[in-house]
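Just below is one structure, and these are the notes that go with it.
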Amino acid sequence: MAMRVLNSESIPISTAEDIVRVRQAVRRSAVSLGFGIVDQTKIVTASSELARNALDYGGGGTVQVEVVQNETRSGVRLVFEDQGPGIPDIALALTDGYTSGNGMGLGLSGAKRLSHEFDIWSKPGSGTRVSILRWK
Amino acid sequence: MERIPILKMGEYLLVTIQVDMHDRLALTLQEDLTSQIVKSRARGVLIDISALEMVDSFIGRMLGAIASMARLLDAQTVVVGMQPSVAITLVELGMSLQGIRTALDVEKGMVALMSSIREAGEDGDASPEF
Amino acid sequence: MSSNNALADVFEKRENEIASKWLELQFADGRKASPTAHTEAGRRSRDFLSALKNATRKDGTTDINGKEWAPVKDFLADLSAGQAKNGASPSETASFVFSLKQPVFAALREEHGKDATAFGDAIWDATQLLDKLGLLTTEIHQKSRESVISRQQQEMLELSTPVVRLWENILALPLIGTLDSARTQIVMQNLLEAIVETRSDFAIIDITGVPVVDTLVAQHLLKTVAAARLMGADCLISGIRPQIAQTIIHLGVDLTNVTTKATLADAFAVALKRSGHSVVRDAAKAGAPR
Ligand SMILES: Nc1ncnc2c1ncn2[C@@H]1O[C@H](COP(=O)(O)OP(=O)(O)OP(=O)(O)O)[C@@H](O)[C@H]1O
Ligand SMILES: [Mg+2]
């Protein structure tokens, strides 16, 4: 299955306003693919969580917002990257309710539940990359 | 500085969130509401989120914080108008907004707020004015 | 490798000739084509040939999974998906590729006709390549049809589960038949939207007509109750049979905050009561007062 990227946009995440910008860009992409309102809301909410993590824990980063397509379907793929401290224990970070700060510990695990595909790479000391995809 | 307006209606405060709030704006609203409750001796707070297209863990946490803070100041909070898509997503995210009263719209929210204030009043420590 | 180059050479040298013969063949089956359809087919054929030429030259024909073949495959994917949506049959789509054989063979004959081995090799190469590409269109066609069908099924589902209004502020959703995860999701979304539209404080999900509830469906039901609560409405579940109660308990889900009733009528009575209504039997009108 060849995956094609139909549209791609990179957005910096370094302020609280940037998180809003990310949400808006993700919404636009989802709308452009004809996502229903629930699917739009799910991917937008996931993007908000991951953008905030990149800002709060990763010290800022970027997101690549992509509209992708293979032979049978299309979707929105988001790749968040930061050069922060990384996550020492990914399984722990993905546990509902775990937070090292004063959050609810729902952002990472929630974003995973809100997506069809979820990948995370992290190396302590060099940063974190989270990629999610939601199909139409 | 950018702020979300708080409308005073008798002993109630009404907030209509109409913009896609960034985190600082949400925190400012939380602070403004707290001081307004004290200043205007409000008994109830109605937060209309029908225009919000998304509620994430941050906004969810803010709503919870407002409700608990208001309760400490002897005011009740009702959140109204959450869109179905927002509610479905919030549940999937894992948030149940426990301890927050909700209603379908402002009108029903007003009714809920009044009964909530009545219940709180019956809860023993009635204020000396009554 | 020489035969790969032979094919690439022919595509390069005789591109126009192959294109015009191919186009003729595409309209040879007596189909009447409008001038625009003809122009469109011409453009499509030339685009495809040029992609094919490029890939054959750069990546060879043995493996069409190489990077240079991606544009060719993408082209066919678009074509097949488009044709599938328009209701064309898989063989119609495949014939776009297969009809290219004749002009390519003819061109190879012109070029290598005198050298039997080289000609044989080149023909073999061309056949294999075009067969692979033809099969690919069929595969994609199939998948696109499947997605069209599943979308239509979804649309049917939406129609088949009406939300009914029992009272000014009470809705009911009588579910009948097997619930899978996709259907449940649609049905629940419809219910929540109906709650907003009708400003109903209560919604009753009646599952009397549902034979089995699996884990996923039970979870959806509970999520719906939770979502309705967030919106400010109260969701009741009625018609839970013992087997389904078992499933729900196995899930380890806490049902203490959810009102469940044996029958729709019981749930309706609860909703009426909670919204301040009461139902009184008028003894004078009742048939047999005791
Ligand atoms: N980009 C990142 N870089 C470093 N650590 C991270 C990153 N993202 C998440 N983490 C770690 O994983 C933990 C869990 O993240 P998650 O988003 O689930 O919860 P939270 O951000 O603490 O709270 P919430 O998102 O619910 O407000 C964080 O507390 C943090 O320690
Ligand atoms: Mg987080």
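The packing ranking of peptides A:26-33, C:221-228, highest mean first, is C:221-228, A:26-33, where packing means the average number of other beta carbon atoms within 10 angstrom of each residue. For B:LEU27 and A:GLU117, FRET efficiency with R0 = 25 Å and r from the beta-carbon atoms, rounded to 0.05? Efficiency, rounded to the nearest 0.05: 0.15. Computed with every protein chain present, the accessible area of B:MET21 is close to 0 Å² [probe 1.4 Å]. Our analysis of region A:4-135 gives Rg over Rh at 0.96, with the two radii drawn from alpha carbon positions and Rh computed by the Kirkwood formula.
Restricting to the protein assembly as shown, what percent of DSSP beta bridges are antiparallel, rounded to 5? Roughly 60 percent of the DSSP beta bridges within the protein assembly as shown come out antiparallel.
The largest accessible area among C:PHE11, A:PHE118 belongs to the first residue in A:PHE118, C:PHE11, and the rest follow in falling order (1.4 Å probe, all chains). Shape summary: chain C maps onto an equivalent ellipsoid whose semi-axes, from the alpha-carbon gyration tensor, are 67, 20, 14 Å in decreasing order. For peptide C:194-201, the mean count of partner chain Cβ atoms within 10 Å of a residue's Cβ comes to 3. Computed over chain B, the percent of Cα pairs more than 16 Å apart is 61. Pairing chain A with chain C buries about 700 Å² of accessible area. This figure sums both sides and uses a 1.4 Å probe. Placing unit charges on the Cβ atoms only, positive for Lys and Arg and negative for Asp and Glu, gives chain B a dipole magnitude near 200 debye about its Cα centre. The residues of chain C present an accessible area of 54 Å² per residue when probed at 1.4 Å with all protein chains retained. Fully extending the segment from C:GLU193 to C:LEU251 would add 18.1 nm, taking 0.36 nm per residue of separation and subtracting the current Cα-Cα distance. Pairwise Cα distances in region C:1-154 exceed 19 Å in 55 percent of cases.
Note on B:LYS39: aspartates and glutamates with a C-alpha under 14 Å away, same-chain residues under 8 apart excluded, are B:GLU11, B:GLU31, B:ASP74.
Shielding by partners for peptide C:221-229, expressed as the average number of C-beta atoms from other protein chains within 10 Å of each residue's C-beta, is 5. Packing, as the average of other Cβ atoms within 10 Å across residues, places the peptides C:113-119, C:206-212 in the order C:206-212, C:113-119, highest first. Summarising the strand pairing of region B:5-130, around 25 percent of its internal DSSP beta bridges are antiparallel.
Mind checking C:231-237 for the average number of partner chain beta-carbons within 10 Å of each residue's beta-carbon? Working shown, then result.
On the way: counts 14, 14, 5, 0, 0, 0, 0.
Taking all residues of C:231-237 together, the mean is 5.
Within the shell of other residues whose beta carbon sits under 13 angstrom from the beta carbon of B:GLY10, the net charge comes to +2, with Lys and Arg scored +1 and Asp and Glu -1.
The values are calculated or read from the model by the stated rules, or taken from the named source; none is laboratory data. Just so it is clear, the structure is predicted and the values come from calculations on it, not from any experiment. So basically every Cβ, Gly included, is an ideal-geometry build from the backbone, and we count neighbours across all protein chains shown. SASA here: full protein model, heavy atoms, side chains in, ligands and nucleic acids out. Shrake-Rupley method; radii C 1.70, N 1.55, O 1.52, S 1.80 Å.
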